[in-house]
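S.K.: Here you go, one structure.
The values are calculated or read from the model by the stated rules, or taken from the named source; none is laboratory data. No experiment lies behind these values; they were computed from the predicted model shown. A quick note on method: Cβ atoms are made from the backbone with ideal geometry, for glycine too, and the neighbour counts reach across all protein chains shown.
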Amino acid sequence: MHIHQLRIQNFRNIREASLDLTPGVQLLIGRNAQGKTSLLEAVYLLATATSHRTHNNRELITQGETTAFIEAEFDRDGSRHRLSTGFDSKERRFRIDEKPLKRVSDLYGILKAVFFSPEDLEFLSGGPIARRRTMDLGLCQQNPPLVRVLLDYRKALKQRNTLLRQADASITTRNLVKAWNPELIRLGTQILSQRADYTLKLVEKASDYYASITGSRENLAGVYRSSMTHLAWRKGGEIPDEKDLKRYFEIALEETVEKDFLYRQTHAGPHRDDIVLEVCGKSAERYASQGQRRSIVLALKLAERDLLTSPNDPPILLVDDVTHEMDMRRCDRFLENICSSGQVFLTFTETESHRGLIKNATEWHVQDGMISRRSG
Amino acid sequence: MKGFQNLPTIENLITELNRLPGIGPKSATALAYHLVHLPAERLNRLAETISAIPGKILNCSICGNLTEENPCRICSDPGRDHTMICVVEKPMDVLSIERTGIYRGLYHVLGGVLSPLDGIGPAQIRIRELLERLKSAEVKEIILATNPSIEGEATASYLCDTIAPLDLGITVTRFSRGLPVGGELTYTDTETLSLALQSRKPF
Ligand SMILES: [Zn+2]
């Protein structure tokens with residue numbers, strides 16, 4: 001999968017850009033805050049309708065403008081497609097091959113992308129919310145129907161929590177609250193089993209990468225910890241089938257209902273799950289050093305890339321500013337790995353010495369929102 | 001809408017048409033210009049038909065379906081099976097099920113589904129009326145035919161939990177299982193609907 005042509009209008013500080021791209025490595029070179037990250041963000045927005053930096057459309061539109069537009073012409077399975085999004089401060093619309101997408105959930109899986117960014121460290125510092133978000137973004141690209149399930153689950157949860165917030169705990173209210181359980185269970189079970197399965201696969205691959213980054217001196221392991229009845233799985237652990245999970249979920253909802261009324265929110269369910277990573281048996285969230293953290297998130301991202309790669313069709317890699325903290329040897333290995341992958345967008349500052357490690361790249365100069373091809 | 005300043009009648013017409021479901025600004029404008037060219041006689045007939053709606057069409061006092069006579073024809077038909085009530089969200093759903101021709105029981109139109117986010121609780125939809133009907137009539141089976149949406153499922157679940165403890169000896173069945181998840185009754189084809197109706201399961 002690769003993008004031939006990328007067009008951007010009024011996106012952050014990029015007023016107008018039109019890039020003819022090659023299938024391989026794209027080097028984006030420029031000083032900080034010139035638009036390198038924005039370009040990567042634009043591609044990721046097209047792939048997933050999300051930005052790692054904001055939920056607010058307004059922030060994505062060039063100051064003084066009302067609408068922004070991003071379009072990519074890309075190859076997939078030998079045929080060419082055109083995906084675009086136009087948005088103002090209120091709504092975002094997507095089109096594939098000129099046809100409007102009815103729902104944002106239909107977007108996933110069309111253009112697959114993995115974003116490597118300095119913000120990835122939030123996987124360890126940002127709490128369970130950041131971890132679930134990372135898992136779900138990777139998982140949904142791999143398994144697009146799950147987007148709908150996640151959105152429906154969120155809605156059922158909101159409905160139930162709204163009741164809990166208004167509620168006296170009378171019998172009628174209890175029945176009303178309980179009425180949302182079957183849907184929560186039906187949807188939540190799918191999320192739980194798929195996310196747990198994905199997490200275990202991801203951590204297994206990531207631990208291979210982590211071993212190779214650290215020269216096998218350290219090992220990385222991970223646990224998927226469910227919020228209900230203290231269920232947790234690690235590598236090799238068997239995730240119960242959906243029938244058993246449904247039963248566990250039902251019991252958990254019954255067990256926590258008093259707490260739900262007390263705190264006015266739903267306590268059991270995949271919206272409270274967590275992924276716990278361990279380095280050499282110790283919690284990475286608490287004890288890992290800055291260097292270990294960088295290696296962990298890098299390993300996770302490489303694993304995400306692998307899980308998202310269907311035969312001969314790697315996702316597009318968006319690599320923002322993650323190499324300059326690495327030592328030369330480590331960086332060389334990392335670049336070698338990702339640059340053999342397919343289409344890769346890499347950002348570099350002018351002065352970075354690591355740039356020399358990359359051969360056969362198309363170079364782009366990024367300055368003040370203007371993007372131009374560099375020759376030579 | 002800019003550009004219509006000297007045609008306020010058309011502007012108003014477009015605004016009203018645009019407020020109808022499924023009619024965007026473009027179709028509203030096209031429709032308005034179409035109407036303008038119709039003969040006065042046809043326009044008057046259309047206007048009269050529309051303005052007769054508020055007086056003529058009402059909700060059946062028993063089932064809540066739209067009707068011009070009260071009770072409606074279905075409720076007052078002795079040939080129908082008065083031991084069965086099919087619970088639906090909207091009057092249009094009655095129409096869809098009637099088209100299958102295989103259901104001979106009665107209906108109960110809720111007029112919506114539970115949705116705390118929209119402030120809709122049991123009091124906002126015709127649940128009390130349904131429970132009253134169950135106590136007085138000779139009902140043996142309730143078919144819950146709300147849409148297979150999150151809210152439709154929750155409403156069905158709530159109804160089942162409310163009816164069961166009343167101990168009225170009524171079988172509660174759910175029929176949406178054969179329908180596509182998230183689909184709507186109104187837009188489901190007759191054949192699928194017949195199948196779903198025949199294969200309904202105890203809740
Ligand atoms: Zn009636």
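S.K.: Anything in region B:37-61 that is at pLDDT 90 or above and of a type in the set (A, V, I, L, M)? List them, or say none.
M.R.: B:Leu38, B:Ala40, B:Leu43, B:Leu46, B:Ala47, B:Ile50, B:Ile57, B:Leu58
S.K.: Working carefully through the options A:Thr199, A:Thr189, A:Thr134, A:Thr173, find the one that is within 13 Å of chain B (Cβ to nearest Cβ) and hydroxyl-bearing (Ser, Thr, Tyr).
M.R.: None of the other options fit; the residue is A:Thr173.
S.K.: In addition: Considering only residues of region A:322-339 that are assigned to a loop (DSSP other than H, G, I, E, B) and more than 20 Å from the chain's Cα centre (by Cα), which is surrounded by the most Cβ atoms within 10 Å (Cβ to Cβ)?
M.R.: The residue in question is A:Met326.
S.K.: Let me ask something additional. If only one of A:Asp273, A:Asp313 is buried (at least 23 other Cβ atoms within 10 Å of the Cβ), within 21 Å of A:Cys140 (Cα to Cα) and in contact (Cβ under 8 Å) with a residue 40 or more places away in the chain, which one is it?
M.R.: Just a single option satisfies the conditions, and that option is A:Asp273.
S.K.: For region A:154-178, which positions are under 20 Å from A:Tyr263 (Cβ atoms) and hydrophobic (A, V, I, L, M, F, W, C)?
M.R.: Hits for region A:154-178 are A:Ala156, A:Leu157, A:Leu163, A:Leu164, A:Ala167, A:Ala169, A:Leu176, A:Val177.
S.K.: Same structure again: Does region B:127-134 include one or more residues that are within 12 Å of the ligand (Cβ to nearest atom), assigned by TED's automatic domain parsing to the domain that holds B:Cys160, among the acidic types (Asp, Glu) and surrounded by 15 or more Cβ atoms within 10 Å (Cβ to Cβ)?
M.R.: So far as region B:127-134 goes, yes, one or more of its residues are within 12 Å of the ligand (Cβ to nearest atom), assigned by TED's automatic domain parsing to the domain that holds B:Cys160, among the acidic types (Asp, Glu) and surrounded by 15 or more Cβ atoms within 10 Å (Cβ to Cβ).
S.K.: Scan region A:347-373 for residues that are closer than 17 Å to A:Val25 by Cα and modelled with pLDDT of 85 or more and jot them down.
M.R.: A:Thr347, A:Phe348, A:Ala361, A:Thr362, A:Glu363, A:Trp364, A:His365, A:Val366, A:Ile371, A:Ser372, A:Arg373
S.K.: Checking the conditions here, which among B:Gly112, B:Gly64 is in a loop (DSSP other than H, G, I, E, B), away from the ligand (no atom under 12 Å from the Cβ), within 13 Å of B:Arg126 (Cα to Cα) and at pLDDT 95 or above?
M.R.: B:Gly112
S.K.: Being farther than 30 Å from B:Ala156 by Cα and touching a Pro at 6+ places or on another chain (Cβ under 9 Å) narrows it down to one of B:Asn18, B:Asn44, so name that one.
M.R.: Result of the check over B:Asn18, B:Asn44: B:Asn18.
S.K.: Residues being of a type in the set (Gly, Ala, Ser) and facing another protein chain (nearest Cβ under 8 Å): count how many of those fall in region A:156-170.
M.R.: Counting residues in region A:156-170 that are of a type in the set (Gly, Ala, Ser) and facing another protein chain (nearest Cβ under 8 Å) gives 1.
S.K.: Specify which of the listed residues (A:Arg305, A:Arg374, A:Arg293) is over 30 Å from A:Ser18 (Cα atoms) and either not assigned by TED's automatic domain parsing to the domain that holds A:Ala211 or not polar (S, T, N, Q) (or both).
M.R.: A:Arg293
S.K.: Looking at region B:128-140, is at least one residue within 14 Å of another protein chain (Cβ to nearest Cβ) and at positive phi?
M.R.: Scanning region B:128-140 turns up no residue that is within 14 Å of another protein chain (Cβ to nearest Cβ) and at positive phi.
S.K.: Select, from B:Thr146, B:Thr171, the only residue that is touching a strand residue (DSSP E or B) at 6+ places or on another chain (Cβ under 8 Å), away from every other protein chain (no Cβ under 11 Å), within 26 Å of B:Pro71 (Cα to Cα) and surrounded by fewer than 22 Cβ atoms within 10 Å (Cβ to Cβ).
M.R.: B:Thr171
S.K.: Another question, then. Out of the residues in region B:115-127 that are in contact (Cβ under 8 Å) with a residue 24 or more places away in the chain and not in a helix (DSSP H, G or I), which is nearest to the other protein chains (Cβ to nearest Cβ)?
M.R.: B:Ser115
Table: residues versus (1) basic (Lys, Arg); (2) within 19 Å of A:Glu278 (Cβ to Cβ); (3) assigned by TED's automatic domain parsing to the domain that holds A:Arg272; (4) part of a helix (DSSP H, G or I).
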| residue | (1), (2), (3), (4) |
| --- | --- |
| A:Arg132 | yes, yes, yes, yes |
| A:Arg148 | yes, no, yes, yes |
| A:Gln159 | no, no, yes, yes |
| A:Leu176 | no, no, yes, yes |
| A:Ile185 | no, no, yes, yes |
| A:Leu192 | no, no, yes, yes |
| A:Leu202 | no, yes, yes, yes |
| A:Ala206 | no, yes, yes, yes |
| A:Tyr224 | no, yes, yes, no |
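Here's the yes/no breakdown for (1) part of a helix (DSSP H, G or I); (2) free of Cβ contacts under 8 Å to residues at least 24 places away in the same chain; (3) within 28 Å of B:Arg174 (Cα to Cα):
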site	(1), (2), (3)
B:Ile23	no, yes, no
B:Leu43	yes, yes, no
B:Pro71	no, yes, yes
B:Cys75	no, no, yes
B:Ser96	yes, no, yes
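S.K.: Looking at region B:49-67, is at least one residue of a type in the set (A, V, I, L, M) and touching a residue at least 60 places away in the same chain (Cβ under 8 Å)?
M.R.: For region B:49-67, residues of a type in the set (A, V, I, L, M) and touching a residue at least 60 places away in the same chain (Cβ under 8 Å): present.
S.K.: Can you confirm whether A:Ala221 is away from chain B (no Cβ under 14 Å) and in contact with a Ser or Thr (Cβ under 7 Å, 6 or more places away or on another chain)?
M.R.: Yes, satisfied.
S.K.: Go through (1) more than 14 Å from the ligand (Cβ to nearest atom); (2) under 30 Å from B:Thr192 (Cβ atoms) for B:His82 and report which single condition fails.
M.R.: B:His82 satisfies all of (1) more than 14 Å from the ligand (Cβ to nearest atom); (2) under 30 Å from B:Thr192 (Cβ atoms) except (1).
S.K.: Quick test for you: out of B:Arg104, B:Arg42, pick the one residue that is within 16 Å of the ligand (Cβ to nearest atom) and of a type in the set (D, E, K, R).
M.R.: Criteria check complete, one pass: B:Arg104.
S.K.: Looking at B:Val94, is it more than 14 Å from every other protein chain (Cβ to nearest Cβ) and under 26 Å from B:Glu191 (Cα atoms)?
M.R.: yes
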